[in-house]
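> Let me begin by handing over the structure; questions about it come next.
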Amino acid sequence: MAAAASNVSEKTRKFEKVCEILDQYGHDSSKLIPILQAVQEEYRYLPEEVLNFVATSLALPPARVFGVATFFAHFTLQPKGKHIFRLCDGTACHVRGSIPIYDALRKKVGLAAGKATTDDLMFTVETVSCLGACGLAPAVVLNDEVHGLMTPDSACALVDEILTKEAQA
């Protein structure tokens, strides 16, 4: 019995931040989406063990929690970098050269083929269908900031700025 109690307290410590988020939302299962948003903000993705913990804590079937997490494009089950580049590849951006920017960014941060996130979890580079900034094409969103009229050089300069700031931190 003591081992089981120890295991429960160990799990609670491991998921302390998740417990705070659940408390903040009153363990209300109807608030699953904002709970998952807060969890993803904390971890930068939704780890499987955390989703199971959330399901158990909210008395929901794990399939329901996973279903919500995989239905919405906003959620990710894969780790994302600290700095996320989202390149628009909609028609206007594509025609104005978004792919060379994408290729330059991937090369600059050292992404291996088939990977979207660097091994050190510093950068994620991904494409999106549209950013709604066609007048600024080609456009890139870095974290939550829109950068328009990008070129491969200006996109790589953003990486250099980040690396400089990180080195100073």
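The values are calculated or read from the model by the stated rules, or taken from the named source; none is laboratory data. None of the values given here were measured: they were computed from a predicted structure. Methodologically, a virtual Cβ is constructed for each residue, glycine included, from the backbone with ideal geometry; neighbour enumeration extends over all protein chains shown.
> Pairs needed: first member in the range 36-55, assigned by TED's automatic domain parsing to the domain that holds LEU22 and closer than 16 Å to THR70 by Cβ; second member anywhere, polar (S, T, N, Q) and not in a helix (DSSP H, G or I); C-beta distance under 8 Å; at least 6 residues apart or different chains.
Within 8 Å, the pairs are GLN40/THR76; TYR45/THR76; TYR45/GLN78; LEU46/THR76.
> Filter the range 60-75 down to residues that are assigned to a loop (DSSP other than H, G, I, E, B) and among the hydrophobic types (A, V, I, L, M, F, W, C) and give me whichever is surrounded by the fewest Cβ atoms within 10 Å (Cβ to Cβ).
ALA73
> One residue is enough: does the range 71-90 have a residue meeting the conditions within 30 Å of GLY148 (Cβ to Cβ) and more than 20 Å from the chain's Cα centre (by Cα)?
Within the range 71-90, one or more residues are within 30 Å of GLY148 (Cβ to Cβ) and more than 20 Å from the chain's Cα centre (by Cα).
> While we're here: Tell me, please, whether a residue that is closer than 20 Å to GLN40 by Cα, touching a residue at least 24 places away in the same chain (Cβ under 8 Å) and either in contact with a Lys or Arg (Cβ under 9 Å, 6 or more places away or on another chain) or of a type outside the set (Lys, Arg) (or both) can be found in the range 93-109.
The answer is no, given that none of the residues of the range 93-109 is closer than 20 Å to GLN40 by Cα, touching a residue at least 24 places away in the same chain (Cβ under 8 Å) and either in contact with a Lys or Arg (Cβ under 9 Å, 6 or more places away or on another chain) or of a type outside the set (Lys, Arg) (or both).
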